[in-house]
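Shown next, in structure tokens, is the structure this report addresses.
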Protein chains: 2
Amino acid sequence: MSQTPSTVRPVLINGIWRDADFSSTFQATDPNTNEVLAATFPVSAWSDCDAALDAAVEAATALRRVSKAKIAEFLEAYADGIEAAKEALVDAAFAETGLARSPRLGDVELPRTSNQLRAAAAACRSGNWAAATIDTKAGIRSCFEAIGPVCVFGPNNFPFAFGSVSGGDFAAAIAAGNPVIGKANSSHPETTRLFAEIALRALKQAGLPEATVQLIYRTSHADGERLVSDPRVGATGYTGSRTAGLKLKAAADAVGKPIYLELSSVNPVVMTSTALQQRGDEIANDFVTSVLMGTGQFCTNPGMVLLQSGEPSERFIATVKERFASAPAGTLLSPAVSTSLSQSVKTLCGFGAELLTGGGEPESGRCAYANTLLRVSGSDFLSHPEGFQTEAFGNAALMVVADNLDELTESISRLEGNLTGCIYSAADGSDEAAYEKIAFELIPKVGRILNDKMPTGVAVSAAMNHGGPYPATGHPGFTAVGVPAALVRFAKLTSYDNVRESRLPELLRNEPPTEDTWRNVDGQWTQASV
Amino acid sequence: MSQTPSTVRPVLINGIWRDADFSSTFQATDPNTNEVLAATFPVSAWSDCDAALDAAVEAATALRRVSKAKIAEFLEAYADGIEAAKEALVDAAFAETGLARSPRLGDVELPRTSNQLRAAAAACRSGNWAAATIDTKAGIRSCFEAIGPVCVFGPNNFPFAFGSVSGGDFAAAIAAGNPVIGKANSSHPETTRLFAEIALRALKQAGLPEATVQLIYRTSHADGERLVSDPRVGATGYTGSRTAGLKLKAAADAVGKPIYLELSSVNPVVMTSTALQQRGDEIANDFVTSVLMGTGQFCTNPGMVLLQSGEPSERFIATVKERFASAPAGTLLSPAVSTSLSQSVKTLCGFGAELLTGGGEPESGRCAYANTLLRVSGSDFLSHPEGFQTEAFGNAALMVVADNLDELTESISRLEGNLTGCIYSAADGSDEAAYEKIAFELIPKVGRILNDKMPTGVAVSAAMNHGGPYPATGHPGFTAVGVPAALVRFAKLTSYDNVRESRLPELLRNEPPTEDTWRNVDGQWTQASV
């Protein structure tokens, strides 16, 4: 094991903050100043992953004997702990991500995070996520159950709500009964470390196995692939770049390990000419607000607008261009994000997109890039549909201007899978035929279809689908947001055939575990006992 | 296109029985006589797949505009047609598979097949498979919807109930709203052809697109991989050998196409010493009946027994050995099955299994192999756990005799994923501690856990899981049997956010589509309107 200077942050393995085994380190950057932050983090060798996996297997075994109520208590204690540590968390995340302290970090993302944990606790307690199904005649009962240790790779853009040891995947995996090995996002390791500290305290308070939450900051790519395909792992949740995600997917797929990925999405917004004619300024305002909010760094940022040529579209584009040009460019999350954004814009221009405003090189002195608007004709789009779907993650958008409705729908038919798709149409329903044509092409391409609304907000709702066809995610049947549906990803289906009642899991016994528990008994949903 | 002699069976593409494009042909074998059957079938070139995919895309588009009731009518008309054609289907399947005309083919598998289609029709009509979820406050509604053209590769062992254009995957894919491209199993192409004829008539009767059901008999392996990864495909269902299935999985995974596989399973049965002491003869009878029924050619055939050394186990093994030796060997499905069984037995012996009875070479003159019982000690098993899990598909089983309970549970912990796992324990609960230890290890390894019962029967129940952890299947969260759950495999989740009510799919409008429809509205399951 390499020598560990005390200035390098320890990793959390099996309930102990211990020196990592590492041969290199990394530091995060303050995107507001481009200054490298003081805290130094290890790039763990495989031995750290190996130790975490061993501890996770033990925790997974122990968790199977723990009551759901106890797991729920942990999630609630953790939510309380997060709220109590608000100031420190907001400070750390502000320094590492440049996201506004308020309202964004402190008043939006933090409450969302603690509320997600509480919603997961409620689902854990009632078992309502687990699709309990009882066939009294056949003597068979089934439900979803914990799948085993879950690895979570969190993204850069939501240090709290999608954090590796605090966010949606984490909450879902724990509520389904699994321990989590978090791999911090390299752009906000200190924030992630603070969460892990709070989680460990909550684990102790609730009396859960201390290896239920573990944290490693970074590994080599090869070790990441080894981690998600290790026999000890149950499943993996990943949100991040397409390139890195697809490598992890290949490794996990090869050994039959479920992996849930959120990779990339341009989130097309289609606007009918009538909608733009009737309320173009209002829509332009919606759009500009949505693209520039958070400097466009949302998974569901509307990066592509598809519209038909004509006066209303030209007016809309001109308005957006003017607003983009006059608005100050927000801070981006990290130097990697500004570099990547600049490269994506160059790629789009290389395919023939016209630069309406912005472009150029990233700012020096902070992580930022000019608000950028690009334009391409429908026929040019159709000549390189894949190239023009290059995701420009950040404050940039591409206008695809089709000659007519047929070219518009043809362009939509060439879209890859996306998380969301929006359609703005006439409020009075006067262009319903156009809506139908557009929606018919768009719906198969997206996980969530919206009317007259930008996609940036992702409500925590049981009906939410934060997912979509490949390559937006790895499988079109799962959502990463929305308790209880998100929990099913980290579970296996188990059928109990002729199993004596005393041996059944609590959820499948004759008496339901809570008054809130819904089960499907002989084809009917009921809260009653069998 | 190659010349097609009229003696080669045509393929069914876009509603027309047309000459295949092929450069080689194949014929099935009558396993009762080893005689090659007269009917000759084409090995299709890619152009046949290509044409089927184009037609399937058009059918998928058309099906999205068709009412669920109409799709249900097709499934019901098809079920009626199958029952009317019972004699011809049973004759064809008997000639191609050697399975008994009665009760197996005509009185068990055929009614199961038509009933499955009717159950799928009911699920299609009510939408109860689609997890309709309505959040009235957030204005978001979600459900599962058709995923696009589905390829179905059926297995050799259920020519009706798992047939490519008649079985469980087929029924699930159609009821979810998708067209199916069936790839016949090469051991029963004529049977599959007859089903496709009946299906085509039912499609015409119900007025569905005629490309809703298409049939190709065989392709090269390369074209099979190209088929499941083609951009026009929505998903694939495959049941068959692990080798072929894993190649298809790799091809589909690489492009993010969902593929559901049922690959192999030894279906471990664990017996406590007390259970064998109390009712060893009864259990031996259960076991022998289960292994020899259908000549052991069930996905859930109990191919491995784990028990503890001692007098009750020795008596049990002796009884089974005697019964195996004295029972006539049944007919196997095809020459490939008898060859493969003989090879698997050699492989197991090569690892050190002791041959108690059977073994040797396949019979000549028909497809058959001696009833075979093998034995290995727990410690030998633990020295090559993977090798001893070689699936010997057919009338063979391996007894793993552990020295004690710890070695028994250690052996269980080394099992791969399986469809089923059974535990026989004391009827009076006197060995509950042993049961608990065994079950704790076994449950994570299996899709279905059974008590005091052999796994061979797979009831069509909403609580059934005919699935399990890899490599039994490709994903532990899905079942291939059990309407409505099986349908979700062939669907994408779509969330409708702020979508005007008239634009919503029928299932998500305020008024439910049928009186039987269950939806989750604001967290409560209800059949009422919103």
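Could you count how many residues in the stretch B:81-121 are in a helix (DSSP H, G or I) and touching a Pro at 6+ places or on another chain (Cβ under 6 Å)?
The total comes to 2.
Within the stretch A:463-475, which residues are at the interface with chain B (Cβ under 7 Å from one of its Cβ atoms), open to solvent by less than 10 Å² (accessible area, probe 1.4 Å) and within 15 Å of the chain's Cα centre (by Cα)?
Selection gives A:M464, A:N465, A:G467, A:P471.
State all residues of the stretch B:117-138 that are open to solvent by 10 Å² or more (accessible area, probe 1.4 Å) and out of contact with any Phe, Trp or Tyr (no Cβ under 9 Å at 6 or more places or on another chain); if no residue qualifies, say none.
Within the stretch B:117-138, B:R118, B:A119, B:A122, B:R125, B:T133, B:D135, B:T136, B:K137, B:A138 meet the criteria.
Pairs needed: first member in the stretch B:239-260, on the phi > 0 side of the Ramachandran plot; second member anywhere, open to solvent by 30 Å² or more (accessible area, probe 1.4 Å) and at pLDDT 95 or above; C-beta distance under 6 Å; at least 6 residues apart or different chains.
So the pair list comes out as B:G256/A:Y470.
Being in a helix (DSSP H, G or I) and in contact with a Leu (Cβ under 8 Å, 6 or more places away or on another chain) is the filter; apply it to the stretch B:339-386 and report the residue that is most open to solvent (accessible area, probe 1.4 Å).
Of everything passing the filter in the stretch B:339-386, B:C349 is most open to solvent (accessible area, probe 1.4 Å).
Inside the stretch A:10-80, counting only strands (runs of 3 or more DSSP E) that do not spill past its ends, which hold 3 or more residues that are in contact (Cβ under 8 Å) with a residue 12 or more places away in the chain?
Counting at least 3 such residues, we get A:11-13, A:22-26, A:41-44.
Of all residues in the stretch B:311-333, which are over 32 Å from the mean Cα position of the chain (by Cα) and either more than 11 Å from B:M271 (Cβ to Cβ) or acidic (D, E) (or both)?
Hits for the stretch B:311-333 are B:E311, B:E314, B:R315, B:A318.
Looking at A:N32, A:N14, which is the one that is under 20 Å from A:I181 (Cβ atoms) and not hydroxyl-bearing (S, T, Y)?
Only one candidate passes the filter, namely A:N14.
Would you mention how many residues in the stretch B:123-142 are within 10 Å of chain A (Cβ to nearest Cβ) and more than 11 Å from B:S495 (Cα to Cα)?
6
Tell me which residues, restricted to the stretch A:303-338, are open to solvent by less than 50 Å² (accessible area, probe 1.4 Å), out of contact with any helix residue (DSSP H, G or I) (no Cβ under 7 Å at 6 or more places or on another chain) and among the small types (G, A, S).
A:G303, A:A329, A:S334, A:S338
Scan the stretch B:422-447 residue by residue and report those that are more than 7 Å from chain A (Cβ to nearest Cβ) and outside any helix (DSSP H, G or I).
Answer for the stretch B:422-447, where residues must be more than 7 Å from chain A (Cβ to nearest Cβ) and outside any helix (DSSP H, G or I): B:C422, B:I423, B:Y424, B:S425, B:A426, B:A427, B:D428, B:G429, B:S430, B:D431, B:V446.
Checking the condition within 14 Å of another protein chain (Cβ to nearest Cβ) and modelled with pLDDT of 95 or more, which residue from A:T61, A:T97, A:T40, A:T113 passes?
A:T61
Filter the stretch A:500-517 for residues that are open to solvent by 30 Å² or more (accessible area, probe 1.4 Å) and touching a residue at least 60 places away in the same chain (Cβ under 8 Å); which is nearest to B:I443 (Cα to Cα)?
This residue is A:P505.
Can you tell me which of A:L419, A:L415, A:L450, A:L398 is away from every other protein chain (no Cβ under 14 Å) and either within 25 Å of the chain's Cα centre (by Cα) or outside any helix (DSSP H, G or I) (or both)?
Result: A:L398 is the single residue among A:L419, A:L415, A:L450, A:L398 that is away from every other protein chain (no Cβ under 14 Å) and either within 25 Å of the chain's Cα centre (by Cα) or outside any helix (DSSP H, G or I) (or both).
Suppose we filter B:A439, B:A433 for residues that are surrounded by fewer than 18 Cβ atoms within 10 Å (Cβ to Cβ) and in the same structural domain as B:K346 (by TED's automatic domain parsing); which single one remains?
B:A433
I'd like the residue in the stretch A:268-277 that is open to solvent by less than 10 Å² (accessible area, probe 1.4 Å) and away from chain B (no Cβ under 14 Å) and, out of all such residues, is nearest to A:G168 (Cα to Cα).
My answer is A:P268.
Can B:I283 be described as closer than 20 Å to B:V400 by Cβ and in contact with a Phe, Trp or Tyr (Cβ under 9 Å, 6 or more places away or on another chain)?
yes
Please go through the stretch B:453-503 and pick out each residue that is farther than 25 Å from B:F287 by Cβ and among the small types (G, A, S).
B:A462, B:G474, B:G477, B:G482, B:A485, B:A486, B:A491, B:S495, B:S502
Restricting the stretch A:481-530 to residues that are of a type in the set (V, I, T) and either closer than 18 Å to A:I140 by Cβ or part of a helix (DSSP H, G or I) (or both), which is farthest from the other protein chains (Cβ to nearest Cβ)?
Once the filter is applied, the top-ranked residue is A:V530.
Residues checked against (1) in contact (Cβ under 8 Å) with a residue 60 or more places away in the chain; (2) farther than 17 Å from A:Y238 by Cβ:
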position: A:P159; (1), (2): yes, no
position: A:S166; (1), (2): yes, no
position: A:A172; (1), (2): yes, no
position: A:G182; (1), (2): no, no
position: A:S187; (1), (2): yes, no
position: A:E190; (1), (2): yes, yes
position: A:L194; (1), (2): yes, yes
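The values are calculated or read from the model by the stated rules, or taken from the named source; none is laboratory data. In this text the structure is predicted, and so the values were computed from the model without any measurement. Every residue, glycine among them, receives a Cβ derived from its backbone with ideal geometry; neighbour counts consider all protein chains shown. Heads up: the accessible areas ignore ligands, DNA and RNA and are worked out on the full protein's heavy atoms, side chains in. Shrake-Rupley method; radii C 1.70, N 1.55, O 1.52, S 1.80 Å.
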